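Take a look at the structure below.
The values are calculated or read from the model by the stated rules, or taken from the named source; none is laboratory data. A quick note: this is a predicted structure, and the numbers were derived from the prediction, not measured. With ideal geometry, Cβ positions are generated from the backbone for all residues, glycine too; neighbour counts draw on all protein chains shown. To get the accessible areas, we keep the full protein, side chains included, count just its heavy atoms, and leave off ligands, DNA and RNA. Shrake-Rupley method; radii C 1.70, N 1.55, O 1.52, S 1.80 Å.
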Amino acid sequence: MLRISSLKLNLGASAAQVREECRRVLQTTQPFKSFTVVKKAFDTRSRGHGYEIYTIDVEFEAEEQILAAATWPHVEKIKPLPPLSVPRLKTSGLRPLIVGSGPAGMLAGLILAEAGLNPLIIERGRPVAERQRDVKDFWQNRKLNPESNVQFGEGGAGTFSDGKLMTGIKKDAVTAKVFAELVEAGAPEEILWLSKPHLGTDKLAEIVPNIRKKIISLGGEYRFEHKLEGLIVKNGRLTAVRIAGGGKTGELPAENVILAIGHSARDTFEMLFAAGVPLTAKPFSVGVRIEHPQELINRAVHHNLAGHPVLGAADYKLSVHLPNGRSAYTFCMCPGGEVVAAASEPGRLVTNGMSYYARNKVNANSALLVGVDVRDFGDETPLAGMYFQRRLEEMAFRTGGAGYKAPAQKVSDFLAHRPSSGWGSVKPSYSCGTAFACLDDCLPDYVCKTLRLALPELDKKLHGFAFPDAVMTGVETRSSSPLRMIRGETGESPLKGLYPCGEGAGYAGGIVSAAADGVKTALQIIKKLESAA
């Protein structure tokens, strides 16, 4: 197989034109045995002209001859990536238990089901359809369901997001498995090759139940509205768990438990800490959601190509290190999206961003964050970061009027240290409504000082970022888990039988990386059971 890289074509090139360009650079007229687009990116840096940049894998009958004759500098012979191999086991032991049905829990469950281990997945929240109704009720009527919301329920927090599938982890058989399962469950095939693939909350809500159905068809079981309440430990080994669900609490024998609980399961964090599970506080970031007109972002990124149908809504990723020793950066940017109420606890307010697949809303939004660590939390105990998050969310709730309205401020007013008295050309999209406020009243002084230093610097990198009418809505506190659950090389906690996994355990940072961690954790359990058989 030959890999052709850095293949440049004009925006909007047809499939036939891409194939013809491949033949041209390889100087061959031979028919393709196979033709696979590996990656497609866009380059609009040259004002007035845009390009599509491809990486393509091709097969021919006489590849050695073609490779020897090729004058294109970016062609090489490669070996196809072998598919992930999941051994099928016969075991008479207890079936594995998975706590949580986000990306990590779902993919772990799928792998264990493919291995014939009939996993049980418990989820404190509700299935997607019911969960969507609960979220809508909160956004429209301020009725928060602490067990079924933007954070908790089938699909995890990523279900109400932009559904980005970019990842910093290496592309291998594990990540290929994740993408293949998403496509099989209904994701568009373009996620396999776009350099910045995304699904949107609407696509994810269709995909997640299909993965559940596949797990069940392979022998797995789901129990929704069932919550992990405790661990039963004997001689340093997990022997059972205590689960609340269906109006009662009972013990369930368990030898291998995957904790895929997400970054917001604070009551479960407290239970684990009390049970002696080794945890440690970790750095994360806090700040606000910032909203701009999507058209402004399109022009800043794509210049006079803004609005080209092939390009769609533009995105950005920015960071800056500042003289005060802190850094600020954008995170979870949602082109053509909206800011949503993402609370999971009464009396606490937190924001997040969300987009639909079409990304066709008027505003673009992104988290604008400042890094925080143990020095900022007040103490060094494992749960200190979580309690720090809670304090900020409580202040935001009070600052917004104690009714889930979010405190918000125009960029111009934030920089001038004054509350806003009206909105300009950007209207906030936050789903529970906003209240004019000073963000200094709900964020630490060093965070606000850092944001004020950052805005002009980020504007130099993306013209218009410090747009005076842009809206800042607080607070964003759940950029990642505030703690890490200690685990060894096999993925197992020092508490034997417990496997911390995914974003909530501190080992992932998005849909793909969490799902990949779920796959790897399941494979570790399979390996252990296989060696014991």
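Summary of values
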{"item": "Pair Y387, L89: separation of 7 Å Cα→Cβ label points (nm)", "result": "3.9 nm"}
{"item": "Cα-only radius of gyration and Dmax that characterise segment 318-443, units Å", "result": "15.4, 45"}
{"item": "Descending semi-axes in Å of segment 127-257, equivalent ellipsoid built from Cα gyration tensor", "result": "30, 23, 14"}
{"item": "Efficiency of FRET from Cβ geometry, L9 and L67, R₀ 22 Å, rounded to 0.05", "result": "0.50"}
{"item": "The chain: DSSP helices with Cα axial extent of at least 27 Å and average Kyte-Doolittle hydropathy no lower than 0.0", "result": "511-532"}
{"item": "Cut-off under 5 Å, modelled amide H: who pairs with Y357 long-range", "result": "T201, D202, K203"}
{"item": "Inter-centroid distance (Cα atoms) of segment 301-343 relative to segment 67-87, Å", "result": "34 Å"}
{"item": "Semi-axis lengths (Å, descending) of the ellipsoid that matches the C-alpha gyration tensor of segment 249-319", "result": "46, 16, 11"}
{"item": "Shape category assigned to segment 1-141 from the gyration tensor of Cα positions, a/c cut at 1.5", "result": "oblate"}
{"item": "Spin-label zone in segment 195-225 - amide nitrogen under 20 Å from a point set 7 Å from the Cα of V183 along the C-beta vector", "result": "195-200, 203-212, 214-215"}
{"item": "Extreme residue, positive dipole direction of the chain, given options A342, L272, N145 (C-beta unit charges)", "result": "L272"}
{"item": "Segment 177-200 and segment 451-466: distance between their alpha carbon centers, rounded to Å", "result": "33 Å"}
{"item": "Partners for K405 among lysines (Cα-Cα distance below 30 Å; same-chain residues under 8 apart left out)", "result": "K136, K143, K164, K203, K227, K282, K317, K361, K427, K449"}
{"item": "Modelled FRET efficiency - R0 41 Å, V362 with R47, Cβ distances, 0.05 increments", "result": "0.95"}
{"item": "Of all accessible heavy-atom area on segment 148-275, the percent that carbon and sulfur account for (1.4 Å)", "result": "51 percent"}
{"item": "Solvent exposure ordering (accessible area, 1.4 Å, most first) of M354, M1", "result": "M1, M354"}
{"item": "Charge dipole (the chain, unit charges on Cβ, about Cα centre) - positive-most of S431, N256, Q65", "result": "N256"}
{"item": "Virtual spin-label span in nm between D441 and K170, 7 Å along Cα→Cβ", "result": "5.1 nm"}
{"item": "M106 - accessible surface, heavy atoms, 1.4 Å probe, Å² rounded to 10", "result": "10 Å²"}
{"item": "Cα-based equivalent ellipsoid of segment 67-149: semi-axis lengths in Å, sorted from largest, via gyration tensor", "result": "42, 27, 7"}
{"item": "Convex hull volume per residue for the chain, taking Cα atoms only, in Å³", "result": "159 Å³"}
{"item": "Largest-first ordering by accessible area, 1.4 Å probe, given options F331, F465", "result": "F331, F465"}
{"item": "Normalised contact order of the chain, rounded percent, pairs of Cα under 8 Å and 6 or more residues apart", "result": "18 percent"}
{"item": "Label-to-label distance, nm, for residues given as H463 and S217 (7 Å Cα→Cβ offset)", "result": "5.3 nm"}
{"item": "Globularity index of segment 467-530, i.e. its alpha-carbon radius of gyration over 2.2 N^0.38 Å", "result": "1.55"}
{"item": "Theoretical gain in end-to-end length, K79 to K248 [0.36 nm per residue, Cα-Cα removed]", "result": "55.4 nm"}
{"item": "Loop-resident sites, segment 1-82, for chymotrypsin sites (Phe, Trp or Tyr not before Pro), counting at most 16 other Cβ within 10 Å (DSSP)", "result": "F32"}
{"item": "Which of L523, V411, P188, positive extreme of dipole for the chain (C-beta unit charges)", "result": "L523"}
{"item": "Length gained when the stretch S34-T490 is fully extended (0.36 nm per residue, less Cα-Cα span)", "result": "160.4 nm"}
{"item": "For V372, distant residues with modelled amide H under 5 Å away", "result": "F284, S285, V286"}
{"item": "Calculated [θ] (222 nm, deg cm²/dmol) that DSSP helices of n ≥ 4 give over the chain, each run adding -39,500 (n - 2.57)", "result": "-9000 deg cm²/dmol"}
{"item": "About the Cα centre, charge dipole magnitude for the chain (Lys/Arg +1, Asp/Glu -1 at Cβ), debye", "result": "120 debye"}
{"item": "Inter-centroid distance (Cα atoms) of segment 256-283 relative to segment 1-44, Å", "result": "48 Å"}
{"item": "Amide H contacts under 5 Å for G230, placed H, 5+ residues apart", "result": "R242"}
